[in-house]
Amino acid sequence: MNITELLADLQDQHDKATAQAGELRDQIEHLTAVLAETEARLADLATTRKVIAELAPAGGSESEPSETNTAYQAIVNAFNQHPDQQFRARELHELLGMPTDEASVNVTRARLGRLLRQGFLTQPGRGRYQKRT
């Protein structure tokens, strides 16, 4: 193989790599656009969920016992009364006068997780919860 053939082969490989890089760039741009669209749709869904939650009757759904609705309402009220304060689950129990045994606190952690997923709360640190502003 002489130098000319070697250079032609290297040029061919370079051209193929450039074409692949261009295709990858196009795929990245497409995926970035799809991700932005998906995030916008998720934001719309979160807003819709908040509106529905505000329009829902105060009694809540019939499938949940009233005790659960009362506990949720007490938690939401605590965050509404102290919007800039961060709470841990145990601190929230103490503030609300709820039992501080581990099982009860774990149930509250699950409730806080649900409120976090619904977009009502943020989690500024591990185990800490704060009202989304």
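Contact annotation: residue pairs with Cβ atoms under 9 Å, 6 or more positions apart or on different chains, pairing a residue in segment 69-81 that is of a type outside the set (Ser, Thr, Tyr) with a partner that is exposed (fewer than 11 other Cβ atoms within 10 Å of the Cβ), are Asn69/Ala58; Asn69/Gly59; Asn69/Ser61; Gln73/Ala58.
A single entry from Thr47, Thr18, Thr68 fulfils the requirement of being modelled with pLDDT of 90 or more, part of a helix (DSSP H, G or I), more than 18 Å from Arg128 (Cα to Cα) and of a type in the set (Ser, Thr, Tyr): Thr18. Inclusion of Leu55 among residues that are modelled with pLDDT of 90 or more and loosely packed, with under 12 Cβ neighbours inside 10 Å is not warranted. Which numbered condition trips up Ser61, out of (1) assigned to a helix (DSSP H, G or I); (2) at pLDDT below 90; (3) of a type in the set (Gly, Ala, Ser)? The number of the failed condition is (1).
Asp9 falls short on exactly one of the conditions (1) surrounded by fewer than 11 Cβ atoms within 10 Å (Cβ to Cβ); (2) at pLDDT 90 or above, and that condition is (1). Of the residues making up segment 84-110, those that are within 16 Å of Leu121 (Cα to Cα) and modelled with pLDDT under 85 number 0.
Criterion first (surrounded by fewer than 14 Cβ atoms within 10 Å (Cβ to Cβ), of a type in the set (Asp, Glu) and modelled with pLDDT under 85) does Glu37 satisfy it?
no
Of all residues in segment 108-126 being part of a helix (DSSP H, G or I) and free of Cβ contacts under 8 Å to residues at least 24 places away in the same chain, which is least open to solvent (accessible area, probe 1.4 Å)? Going through the qualifying residues, I end up with Gly113. Taking (1) over 15 Å from the mean Cα position of the chain (by Cα); (2) surrounded by 13 or more Cβ atoms within 10 Å (Cβ to Cβ) in turn, Glu94 satisfies each apart from (2).
The values are calculated or read from the model by the stated rules, or taken from the named source; none is laboratory data. This one's a predicted model, so the numbers in the text were calculated from it and none came from an experiment. For neighbour counting, all protein chains shown are included, and Cβ atoms are generated from backbone atoms with ideal geometry for every residue, glycine included. Note: accessible area is taken over every heavy atom of the protein model, side chains too, but ligands, DNA and RNA are not part of it. Shrake-Rupley method; radii C 1.70, N 1.55, O 1.52, S 1.80 Å.
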